[in-house]
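Q: Here it is: the structure, laid out below.
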Amino acid sequence: MSDESRPTPAQTPVAAVIPAAGRGVRLGPGAPKALRALNGTPMLIHAIRALAASRHVSLVIVVAPPEGAAEVKSLLDAHALPERTDFLVVPGGESRQESVRLGLEALPPRYGIVLVHDAARPLVPVDTVDAVIEAVRDGAPAVVPALPLADTVKEVEPAAVAGDPEPVVATPERSRLRAVQTPQGFDRETLVRAHESVTENVTDDAGMVEQLGVPVVAVPGHEEAFKVTRPLDLVLAEAVLARRRLNDGF
Ligand SMILES: Nc1ccn([C@@H]2O[C@H](COP(=O)(O)OP(=O)(O)OP(=O)(O)O)[C@@H](O)[C@H]2O)c(=O)n1
Ligand SMILES: C[C@](O)(CO)[C@H](O)COP(=O)(O)O
């Protein structure tokens, strides 16, 4: 692409990949986590709406449970979603990492900025999404939303048997630690390179970019962007939705 036809950072199209192929084992028995309801609407639909609420996001790629792509397509057809956003559904893989990679493989060439957002973080506010996009547009190759910790964190020697006492080996300085959320935002080339070259198991996409030696920056996250992981998180998510309804006056 010549310099003249290359989009400026402010024009670079933004796509979001939403990995939604996990089972949700920690949530307990039931449908795949992303398809479970929050106030009557599937968690995945909340997450899609949260990303599509950003006027910068013009494509959302949903990575569905491997056998559930048709069901997810029907769900998208059955729920009101912004008309200015395009949607694609692809089947996911065995791990989050593989699901994100499969989502990236479906990404059309014109998208230069990619967000990766857990379906399990259905309530992320649009201001957080936009803050991540803005930091990438300002030149950061990888951006994570992050919050300071409320708890003191200990590093332990993990017990061989769950529940056994674990020797504490270190106490990292809490003021330097952050709990990292999604959406994480990337310059497309950087994220694709990370997924092509990093094979170790990592728990987030920014961790893969760090392994390339590329800098990652953190911007303020939001307490409502928490991850629905265990049953108590469902209670909290429904309480947040109830509070939003009250605040919105309906
Ligand atoms: N093979 C997988 C595993 C996870 N995910 C997605 O990655 C996100 C974060 O994962 P997590 O919250 O751990 O979800 P699960 O893997 O479903 O949870 P659990 O570990 O309790 O089974 C979720 O949106 C989940 O659907 C995915 O797309 N493909
Ligand atoms: C990507 C993530 O949400 C950042 O906090 C998190 O690492 C996902 O971890 P999980 O164990 O796969 O839920």
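The values are calculated or read from the model by the stated rules, or taken from the named source; none is laboratory data. What you are looking at is a predicted structure, and each value in this text was computed from that prediction instead of being measured. Don't worry about glycine lacking a Cβ; one is built from the backbone with ideal geometry, like all the others, and counts go over all protein chains shown.
Q: Any residue at all in the stretch 24-41 that's closer than 15 Å to Leu234 by Cβ, away from ligand 1 (no atom under 16 Å from the Cβ) and touching a helix residue (DSSP H, G or I) at 6+ places or on another chain (Cβ under 6 Å)?
A: yes
Q: If I go through the stretch 204-236 residue by residue, how many of them are in contact with a helix residue (DSSP H, G or I) (Cβ under 8 Å, 6 or more places away or on another chain) and either aliphatic (A, V, I, L, M) or closer than 19 Å to Val17 by Cα (or both)?
A: Final tally of qualifying residues: 14.
Q: Also, quick follow-up: Within the stretch 77-129, how many residues are under 24 Å from Pro145 (Cβ atoms), more than 9 Å from ligand 1 (Cβ to nearest atom) and basic (Lys, Arg)?
A: So the answer is 2.
Q: Turning to a different aspect of this structure: Name the residue that is farthest from ligand 1 (Cβ to nearest atom), counting only residues in the stretch 188-226 that are of a type in the set (D, E, K, R) and in a helix (DSSP H, G or I). If you could, list the steps in order and put the result at the bottom.
A: Taking the stretch 188-226 as the starting set, the residues that turn out to be of a type in the set (D, E, K, R) are 188-189, 193, 196, 200, 204-205, 210, 223-224.
Retained after the next criterion (residues that are in a helix (DSSP H, G or I)): 188-189, 193, 196, 205, 210, 223-224.
Numbers: Arg188: 19, Glu189: 22, Arg193: 21, Glu196: 18, Asp205: 11, Glu210: 18, Glu223: 17, Glu224: 16 Å.
It comes out as Glu189.
Q: Select, from Asp86, Asp130, the only residue that is on the phi < 0 side of the Ramachandran plot, without any contact (Cβ under 8 Å) to a residue 40 or more places away in the chain and in contact with a Ser or Thr (Cβ under 8 Å, 6 or more places away or on another chain). Full working, then the answer.
A: Details: Asp130 fails: without any contact (Cβ under 8 Å) to a residue 40 or more places away in the chain.
So the residue among Asp86, Asp130 that is on the phi < 0 side of the Ramachandran plot, without any contact (Cβ under 8 Å) to a residue 40 or more places away in the chain and in contact with a Ser or Thr (Cβ under 8 Å, 6 or more places away or on another chain) is Asp86.
Q: Follow-up question, since we're still on this one. Take Val25 and decide whether it is within 16 Å of ligand 2 (Cβ to nearest atom), hydrophobic (A, V, I, L, M, F, W, C), more than 15 Å from the chain's Cα centre (by Cα) and modelled with pLDDT of 95 or more. If you could, list the steps in order and put the result at the bottom.
A: On the way: within 16 Å of ligand 2 (Cβ to nearest atom): yes; hydrophobic (A, V, I, L, M, F, W, C): yes; more than 15 Å from the chain's Cα centre (by Cα): yes; modelled with pLDDT of 95 or more: yes.
Taking the combined requirement at face value, the residue satisfies it.
Q: Further question on the same structure: Restricting attention to the stretch 45-81, which residues are polar (S, T, N, Q) and surrounded by fewer than 21 Cβ atoms within 10 Å (Cβ to Cβ)?
A: Ser58, Ser74
Q: Restricting to the stretch 122-132, count the residues that are touching a Gly at 6+ places or on another chain (Cβ under 8 Å) and either farther than 16 Å from Pro215 by Cα or modelled with pLDDT under 95 (or both).
A: Residues of the stretch 122-132 that are touching a Gly at 6+ places or on another chain (Cβ under 8 Å), as a first pass: 128, 132.
When the remaining residues are screened for being either farther than 16 Å from Pro215 by Cα or modelled with pLDDT under 95 (or both), the result is 128.
The number of residues fulfilling the criteria is 1.
Q: While we're on this one: Could you say whether any residue in the stretch 51-64 is within 16 Å of ligand 2 (Cβ to nearest atom), in contact (Cβ under 8 Å) with a residue 40 or more places away in the chain and not polar (S, T, N, Q)?
A: Yes, that holds for at least one residue.
Q: Just name the residue that is nearest to Thr41 (Cα to Cα) out of those in the stretch 99-122 that are within 14 Å of ligand 2 (Cβ to nearest atom), in contact with a strand residue (DSSP E or B) (Cβ under 8 Å, 6 or more places away or on another chain) and not hydrophobic (A, V, I, L, M, F, W, C).
A: The selected residue is Pro122.
Q: If you go through the stretch 82-110, how many residues are closer than 24 Å to Thr8 by Cα, crowded, with 17+ Cβ neighbours inside 10 Å and in contact with a Lys or Arg (Cβ under 8 Å, 6 or more places away or on another chain)?
A: 1
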